[in-house]
1. Could you say which residue among Gly112, Gly101, Gly118, Gly66 is surrounded by fewer than 19 Cβ atoms within 10 Å (Cβ to Cβ) and within 16 Å of the chain's Cα centre (by Cα)?
2. Which residue pairs have Cβ atoms closer than 8 Å, lie 6 or more positions apart in sequence or on different chains, and pair a first residue in segment 159-180 that is part of a helix (DSSP H, G or I) with a second residue that is surrounded by fewer than 24 Cβ atoms within 10 Å (Cβ to Cβ) and among the basic types (Lys, Arg)?
3. So the check is Cβ under 8 Å with 6+ separation or different chains; which pairs have a first residue in segment 48-63 that's in the same structural domain as Val265 (by TED's automatic domain parsing) and surrounded by fewer than 20 Cβ atoms within 10 Å (Cβ to Cβ) and a second one that's assigned to a helix (DSSP H, G or I) and of a type in the set (Val, Ile, Thr)?
4. Give the residue that is surrounded by the most Cβ atoms within 10 Å (Cβ to Cβ), with candidates limited to residues of segment 1-35 that are modelled with pLDDT of 95 or more and acidic (Asp, Glu).
5. For Ala193, all conditions in the list (1) closer than 24 Å to Ala29 by Cα; (2) of a type in the set (Gly, Ala, Ser); (3) surrounded by 15 or more Cβ atoms within 10 Å (Cβ to Cβ) hold save one; what is the number of the exception?
6. Would you mind listing the helices (runs of 4 or more DSSP H) fully within segment 185-274 where at least 1 residues are within 30 Å of Phe17 (Cβ to Cβ)?
7. Just checking, does segment 65-86 include any residue being free of Cβ contacts under 8 Å to residues at least 12 places away in the same chain, of a type in the set (Ser, Thr, Tyr), in the same structural domain as Asn267 (by TED's automatic domain parsing) and under 23 Å from Leu15 (Cα atoms)?
Amino acid sequence: MKDWGPYGKNEGNVLVFTIGNPNEGHGPALPRDNDSRCANFVANKVCELTGARFIAAIPYATDRVGDIARDWSPAYMQMDECVEKSATFVKIHCEALQAEGIPFTRVLIINGHGGNIGIEHYERWNEISSELGMESILFSFAINYEPKVLVNSIPRISDETRDAYLGIKEGHADTLEHSIATVYNALDYGKLAFINATIKSHGIEEALKKWPVLGGLGGYLKFGDHRYDPLREIAGLNECLEKFEQDGQIYIFSDFARLVMDASVENTAKLISL
């Protein structure tokens, strides 16, 4: 037990958890737990690179927009409750490892669901860290999306392709999210073709009424009443809808998606290698 594998004494020094959303509408071409799958993919790749140990996926989710999120996210719970349950989940798993004599100093929680943004600011995480005798609990987002940086890192692409990549908007159930799902084999190409065929034959408004989660939750933005105003204030969603309407379909950029995910893995690995 004194021997070490390829990671040396850093093996398992950081414990990795993920938090996504186990049950959220993404339209017919993506799984309901797509955000969790994305976070889990990044977590496993980060552990391969750094020797961190992937422990578990936290099975809870919240949303910054409040109770209206239940329309597309039945697993929604209020943020206070989500933080308390998630912190307890992390603590139980950490205590189980400590009871087995397995040492670690930090925890990293990789968030794959935009609605969970804000949970990292709760003092409860510092309390858990102190109770467990750890250095810290860190947070990162599964997707690090900086289009200009990513596109400029590609040495040989056409101007047309470069412009197409720079035009990609980040939202929900959009071109970027469908493209990223190809990296971890979670896209149903046949159902995506059905979505695009529906848009072509019936128009984008009819498609958004049928699948309001598409295009940055575009159906709720476009047709929802005043209750959905908090959704309209989330940065990027309106731009995502505008781009979806402009494109008139969901594109798949598999090469760009791989670049995005590679950068996300690399940046997250750097975070815990410091």
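The values are calculated or read from the model by the stated rules, or taken from the named source; none is laboratory data. In this text the structure is predicted, and so the values were computed from the model without any measurement. Neighbour counts are summed over all protein chains in view; Cβ atoms, including those assigned to glycine, are modelled from backbone coordinates with ideal geometry.
1. Values: Gly112 fails: surrounded by fewer than 19 Cβ atoms within 10 Å (Cβ to Cβ); Gly101 fails: within 16 Å of the chain's Cα centre (by Cα); Gly66 fails: within 16 Å of the chain's Cα centre (by Cα).
Checking each option against the conditions leaves just Gly118.
2. Note: pairs meeting the criteria are Leu166/Lys148; Thr175/Lys169; Thr175/Lys243; Leu176/Lys169.
3. The qualifying pairs are Leu49/Val265.
4. First, the residues of segment 1-35 that are modelled with pLDDT of 95 or more: 14-35.
Pick out the ones that are also acidic (Asp, Glu) and you get 24, 33, 35.
Working: Glu24: 26, Asp33: 23, Asp35: 29.
Filtering first and then ranking leaves Asp35.
5. (3)
6. Details: elements: 189-202, 204-210, 214-223, 229-232, 237-247, 254-273.
Passing ranges, in order: 214-223, 229-232, 237-247, 254-273.
7. no
A quick yes/no check of all residues on (1) under 21 Å from Ser36 (Cα atoms); (2) in contact (Cβ under 8 Å) with a residue 24 or more places away in the chain:
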{"site": "Cys94", "(1), (2)": "yes, yes"}
{"site": "Glu100", "(1), (2)": "no, no"}
{"site": "His113", "(1), (2)": "yes, yes"}
{"site": "Arg124", "(1), (2)": "no, yes"}
{"site": "Leu132", "(1), (2)": "no, yes"}
{"site": "Ser136", "(1), (2)": "no, yes"}
